[in-house]
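Trainee: Before anything else, here's the structure in question.
The values are calculated or read from the model by the stated rules, or taken from the named source; none is laboratory data. Quick caveat, the model's predicted, so the values are computed rather than measured. Counting neighbours? That spans all protein chains shown, and the Cβs are built from the backbone with ideal geometry, glycine included. Side chains are part of the model used for accessible areas, which takes the heavy atoms of the whole protein and leaves out ligands, DNA and RNA. Shrake-Rupley method; radii C 1.70, N 1.55, O 1.52, S 1.80 Å.
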Amino acid sequence: AGNFRLGEMCDMRRGKTFIICGPSGVGKGTVVARLLASDPSLYFSVSATTRPPRPGEEDGVHYHFLTRETFQEWVEAGDFLEYAQFVGNFYGTPRLYVDRAMEQGRDVLLDIEIQGAEQIRQKRPEAVRIYVAPPSWEELERRLVGRGTEDMEKVRSRLARGREEFAAARDFDYFVINDTVDHAVDEVRAIMLSEHCRPGERMEMIGP
Ligand code: ADP
Ligand code: 5GP
């Protein structure tokens with residue numbers, strides 16, 4: 001072992017999974033996009049969903065857009081690491097790509113809702129769970145309405161869901177407030193960096 005540089009050490013490390021969770025409209029996708037743009041080694045797990053694509057969303061990039069039938073086939077085949085229903089649609093994390101990326105030593109980002117985060121906590125307790133919160137509930141509503149992708153009924157359901165689930169944030173590993181995107185991105189980066197400084201992984205690099 002001895003004097004390697006961190007870049008070389010990446011070849012030896014195993015990737016970690018980071019779960020980004022938080023109410024709809026808080027800015028998870030925005031924060032994730034910034035992280036991905038600044039670090040090409042990060043792997044974003046593209047989920048499957050039965051929700052129709054929004055304008056600008058591409059199949060295979062933002063989601064794998066599936067019919068309910070196909071989604072059900074993936075469920076039955078055991079292809080999902082987790083899946084859940086959220087405000088009228090199904091969402092799930094395909095297992096294969098996540099495992100492949102981690103074996104390559106890449107960190108994996110999951111943008112998933114809270115039931116899915118709980119399933120992963122049970123199956124993979126080492127996954128790091130980050131809750132992203134809005135600076136206020138009024139601001140959350142402004143963002144979700146401002147995005148203009150859901151009708152008012154869906155906006156209301158999503159806001160209500162966010163409020164209901166907020167108490168569960170206490171059990172997460174980290175809590176980031178997305179006041180400005182810069183600030184939230186900095187905090188998530190700091191969390192990722194710190195998690196790679198834990199003794200287990202570092203000691204394995206050096207050997208007994
Ligand atoms: P989510 O993925 O959590 O549902 P999005 O990333 O789609 O949320 O963001 C919802 C809306 O809020 C988008 O219009 C986005 O541009 C805006 N937004 C995200 N982060 C911020 C921020 N820090 N300040 C102001 N607006 C933001
Ligand atoms: P949206 O419809 O706004 O893209 O996503 C709605 C919610 O579904 C968000 O909270 C998002 O994090 C979550 N979500 C996206 N993909 C998955 C997934 O694979 N599994 C689970 N459980 N939730 C997901």
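Trainee: Within the range 88-105, work out how many residues are touching a Leu at 6+ places or on another chain (Cβ under 7 Å) and either assigned to a loop (DSSP other than H, G, I, E, B) or of a type in the set (S, T, N, Q) (or both).
Mentor: From the range 88-105, those touching a Leu at 6+ places or on another chain (Cβ under 7 Å) are 93, 95, 98; that's our starting set.
Going one step further and asking which of them are either assigned to a loop (DSSP other than H, G, I, E, B) or of a type in the set (S, T, N, Q) (or both), we end up with 93.
Total meeting the criteria: 1.
Trainee: Can I ask one more? I'd like the full set of residues that are aliphatic (A, V, I, L, M) and either open to solvent by 10 Å² or more (accessible area, probe 1.4 Å) or free of Cβ contacts under 8 Å to residues at least 40 places away in the same chain (or both), limited to the range 42-62.
Mentor: Once the filter is applied, which keeps residues that are aliphatic (A, V, I, L, M) and either open to solvent by 10 Å² or more (accessible area, probe 1.4 Å) or free of Cβ contacts under 8 Å to residues at least 40 places away in the same chain (or both), the range 42-62 yields L42, V46, V61.
Trainee: Hey, which of the helices (runs of 4 or more DSSP H) in the range 108-208, taking only ones fully inside, have at least 1 residues that are within 16 Å of ligand 1 (Cβ to nearest atom)?
Mentor: Those helices (runs of 4 or more DSSP H) span 114-123, 137-147, 152-165, 181-195.
Trainee: Residue under question is E164, and the condition is that it be open to solvent by less than 60 Å² (accessible area, probe 1.4 Å), out of contact with any Asp or Glu (no Cβ under 8 Å at 6 or more places or on another chain) and free of Cβ contacts under 8 Å to residues at least 60 places away in the same chain; does it hold?
Mentor: Answer is no for this residue.
Trainee: Find all pairs meeting these conditions: Cβ atoms under 9 angstrom apart; at least six residues apart or on different chains; first residue within the range 21-41 and basic (K, R); second residue surrounded by fewer than 14 Cβ atoms within 10 Å (Cβ to Cβ).
Mentor: R34/V181; R34/D182
Trainee: While we're here: Can you find even one residue in the range 97-116 that is touching a Pro at 6+ places or on another chain (Cβ under 8 Å) and either open to solvent by 20 Å² or more (accessible area, probe 1.4 Å) or over 20 Å from Y43 (Cβ atoms) (or both)?
Mentor: The answer is no; no qualifying residue exists.
Trainee: Is it the case, given these coordinates, that Q85 is modelled with pLDDT of 95 or more, assigned to a helix (DSSP H, G or I) and more than 13 Å from ligand 1 (Cβ to nearest atom)?
Mentor: On the way: modelled with pLDDT of 95 or more: yes; assigned to a helix (DSSP H, G or I): no; more than 13 Å from ligand 1 (Cβ to nearest atom): yes.
Considered against the rule, which asks whether it is modelled with pLDDT of 95 or more, assigned to a helix (DSSP H, G or I) and more than 13 Å from ligand 1 (Cβ to nearest atom), Q85 comes out as no.
Trainee: Which count do you get for residues in the range 33-49 that are farther than 14 Å from Y63 by Cα and hydrophobic (A, V, I, L, M, F, W, C)?
Mentor: Of the residues in the range 33-49, 4 are farther than 14 Å from Y63 by Cα and hydrophobic (A, V, I, L, M, F, W, C).
Trainee: Here's a follow-up. Counting just the residues of the range 72-89 that are open to solvent by less than 30 Å² (accessible area, probe 1.4 Å) and within 16 Å of the chain's Cα centre (by Cα), which one comes out farthest from V46 (Cα to Cα)?
Mentor: F86
Trainee: OK, next. Could you list, in sequence order, all residues of the range 175-208 that are within 19 Å of the chain's Cα centre (by Cα) and open to solvent by less than 60 Å² (accessible area, probe 1.4 Å)?
Mentor: Quick first cut of the range 175-208, residues within 19 Å of the chain's Cα centre (by Cα) only: 175-196.
The answer is V176, N178, V181, A184, V185, V188, A190, I191, M192, E195, H196.
Trainee: Of the residues that sit in the range 28-41 and are touching a helix residue (DSSP H, G or I) at 6+ places or on another chain (Cβ under 7 Å) and of a type in the set (A, V, I, L, M, F, W, C), which one is surrounded by the fewest Cβ atoms within 10 Å (Cβ to Cβ)?
Mentor: L35
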